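Following: one structure in structure tokens, then a few remarks.
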Amino acid sequence: MGSVRVADVGAAMGRLRGRVHRTPVLTCGALQRLAGRRLLFKCELFQRTGSFKIRGALNAVRSLVEEAERAGQERPRAIVTHSSGNHGQALACAARDEGIPAYVVVPRTAPPCKQAAIRAYGATLVPCEPSDESRAETAARVVRETGGVMVHPNQAPAVIAGQGTIALEVLEQAPEVNAVVVPVGGGGMVAGIAVAIKALRPDVKVFAAEPRNADDCYQSKLRGELTPNRHTPVTIADAVKTSIGENTWPIIRDLVDDVLTVSEEEIKLEGAGGNSALPSQSAAEPDVHAVPSVALEEHVLAAGMTAAVLSQTASHTAGVGKDEAADRANSGCGSRSRAFRAVPGSPPGGGECLHRAVRRKRGPELPDLAHRAPWGRRLRTERRIQWREPGFEFVRLGLYDTKN
């Protein structure tokens, strides 16, 4: 089972209490009809920093601080990692919370918007070439120069345990679940979730989902040995290009029931055709969110059963400029918004609730929206700003039935 146990996930839950959001579990009728079974979406795109990565980052940094305090030693001088986006933002945020400098090694080819988001959390960016070797070598050099501690984005046991807290929330929010479907890149999230699920509910199936063009996890399960991608994969789902590693592979090998793969055409159709697992997504932005829901079309789960699908990040729009993408979200032009119905008790609030996530430029409030339910009842609108990044904000619109 590797170096992570369910007790580690439980300890991580304690460290994260009050420091991360308990993200909602929502349903979507269009996707349920497409997959032919009940789907519950664990919406980590509403998480702090915009992705699930904050769970592992906070747990890892807090664990280092606690370890130093127990030993009567100084806190780490610096926290170092390599990342092209989400983990870098999360680790920078976690280090800032503890008052520790963060250094993030970032490929020179990383989108400027992602680099800016990492800087916004106070981290120092260190450029490297766009290869795994360059990332590792540059990070090792930064560790030597700063006297810092390296926190790997997906292989550190504390990171894996932190991501596993997602499973604990899912089991509390939707105890009827029969399976979970998790996107896999480096494998930190699916490994942590598998550790928790199989210890607490061994009857629940755990599926990993990845693009066919980046199928190292599938190949590893097929061959029974770790089989990394030999070359940098070419896939529109750029958040899952990373291969699984030495620490995540044993957990995936022993605890993940199967690995599902999807083609680029299926991902593009799912994202651009308006059926993305992301509540609101530009037509130009099909990516990793489509991978788990498309995979379920392979009918690996019997009809009538319930699957929890991880919707993991709020991605930047690919293929259009940042300002143009925000303008589209602000105006509704080109938007592929989907109505998501709240599972009872998640998120809090009375009445029938629908959600729409909107990414827009900061500025005046969104115009008042008049909504009417299909049965004629008037709905009131509630807006909540989920998080901000330089020049942009993410707003969730909640529509509540006023008669309930």
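The values are calculated or read from the model by the stated rules, or taken from the named source; none is laboratory data. No experiment lies behind these values; they were computed from the predicted model shown. In this analysis, Cβ positions are derived from the backbone assuming ideal geometry, glycine residues included, and neighbour counts consider all displayed protein chains. Accessible surface is based on the protein model in full, side chains and every heavy atom, while ligands, DNA and RNA are left aside. Shrake-Rupley method; radii C 1.70, N 1.55, O 1.52, S 1.80 Å.
Below, the figures for the structure above:
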quantity: By accessible area with a 1.4 Å probe, ligands and nucleic acids excluded, highest first: order of Met189, Met150, Met13; calculated: Met150, Met13, Met189
quantity: Highest-first arrangement of 126-134, 67-75, 98-106, 176-184, where packing means the average Cβ count within 10 Å; calculated: 176-184, 98-106, 126-134, 67-75
quantity: Residue-normalised accessible area of segment 64-198, expressed per residue, 1.4 Å probe, Å²; calculated: 36 Å²
quantity: With eigenvalues of the C-alpha gyration tensor scaled by 5 and rooted, segment 64-136, Å; calculated: 25, 13, 8
quantity: Under-5 Å amide H pairs with Ala102, H placed in peptide plane, nonlocal only; calculated: Ile79, Thr124
quantity: Nonlocal amide H pairs with Ala308, under 5 Å, H built at 1.01 Å; calculated: Leu40, Asn178, Ala179, Val180, Val181
quantity: With every protein chain in place, segment 152-265: carbon and sulfur % of accessible area (1.4 Å); calculated: 48 percent
quantity: Along principal axes, Cα extents of segment 39-165, largest first, whole Å; calculated: 47, 33, 25
quantity: 5 angstrom amide H check on Ala209, placed H, neighbours 5+ away; calculated: Val182, Val184, Leu260
quantity: Relative contact order %, segment 1-119, counting alpha carbon pairs below 8 Å whose residues are six or more apart; calculated: 19 percent
quantity: Accessible-area value, Arg15, 1.4 Å probe, nucleic acids and ligands omitted, Å²; calculated: 60 Å²
quantity: Mean separation of Cα contacts under 8 Å, 6 or more apart, over the residue count of segment 45-105: relative contact order %; calculated: 37 percent
quantity: In sequence order, calculated HN-Hα J values of segment 15-30 (Karplus, 6.51, -1.76, 1.60; Hz; x Gly/Pro); calculated: 5, 8, 4, x, 10, 10, 7, 7, 6, x, 10, 10, 10, 9, x, 4
quantity: Within the accessible area of segment 80-131 (1.4 Å probe), percent carbon and sulfur; calculated: 52 percent
quantity: Gain in span if fully extended, Glu66 to Arg144, counting 0.36 nm per residue against the direct Cα distance; calculated: 25.8 nm
quantity: Stretch gain in nm, segment Glu98-Glu133, where the contour uses 0.36 nm per residue and the Cα spacing is subtracted; calculated: 9.6 nm
quantity: Dipole-positive endmost among Ala78, Val61, Gly36 within segment 1-130 (Cβ charges, Cα centre); calculated: Gly36
quantity: Percent RCO, i.e. relative contact order, over segment 178-240, from Cα pairs under 8 Å lying at least 6 residues apart; calculated: 36 percent
